[in-house]
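Taking it in order: structure first as structure tokens, then the write-up.
The values are calculated or read from the model by the stated rules, or taken from the named source; none is laboratory data. Quantities reported herein were computed from a predicted structural model and do not represent experimental measurements. Cβ atoms come from the backbone with ideal geometry, glycine included; neighbour counts cover every protein chain shown.
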């Protein structure tokens, strides 16, 4: 956590208690939280925090690169602390379970594309939707 706090300071921003709280909530969570979930958890620690403050904190943390936002098959973002290695997401359409997975082949394809086309990729998201092993009964699945 200290490294993340230092990144905020070195970006020229203040490390407010609200920003620290939002980052701590994301750091302690094993889930992909949306802003309302983060707000609910923050409010239980600091009853004076507002939803707008949570949104502003998330925007700043995302801008600095400490937080990533993902659209996991819904119309709103889910947030997680930036991971040291690239990973992707699968969301079950029935139960909503989110499974993280690594796909080195996808990363390799992106690098080749950048090299061949002279591109500079700044963000990459791969999100798969379907049915998890518990929910796929009667559905077409990968074979």
Point to revise | Count - residues of the stretch 10-30 that are over 18 Å from the mean Cα position of the chain (by Cα) and closer than 21 Å to residue 49 by Cα | key: 6
Review point. Is it true that some residue in the stretch 89-98 is closer than 19 Å to residue 121 by Cβ and at pLDDT 85 or above?
Key: no
Practice item. Just give me the residues in the stretch 1-15 being loosely packed, with under 15 Cβ neighbours inside 10 Å and assigned to a helix (DSSP H, G or I), in sequence order. Key: 2, 3, 6, 9, 10
Practice item. Give, as residue ranges, the strands (runs of 3 or more DSSP E) completely inside the stretch 31-143 that count at least 1 residues that are over 14 Å from the mean Cα position of the chain (by Cα) and not assigned by TED's automatic domain parsing to the domain that holds residue 10. Key: 88-92, 127-130
Check your understanding: Can you find a residue in the stretch 47-59 that is in contact with a strand residue (DSSP E or B) (Cβ under 8 Å, 6 or more places away or on another chain), within 22 Å of residue 125 (Cβ to Cβ), buried (at least 17 other Cβ atoms within 10 Å of the Cβ) and without any contact (Cβ under 8 Å) to a residue 40 or more places away in the chain?
Key -> yes
Check your understanding: Got a number for residues in the stretch 16-30 being outside any helix (DSSP H, G or I) and surrounded by 15 or more Cβ atoms within 10 Å (Cβ to Cβ)?
Key -> 1
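Quick one: which of 87, 76 is surrounded by fewer than 18 Cβ atoms within 10 Å (Cβ to Cβ), in contact with a strand residue (DSSP E or B) (Cβ under 7 Å, 6 or more places away or on another chain) and free of Cβ contacts under 8 Å to residues at least 60 places away in the same chain?
Exactly one of 87, 76 is surrounded by fewer than 18 Cβ atoms within 10 Å (Cβ to Cβ), in contact with a strand residue (DSSP E or B) (Cβ under 7 Å, 6 or more places away or on another chain) and free of Cβ contacts under 8 Å to residues at least 60 places away in the same chain, namely 87.
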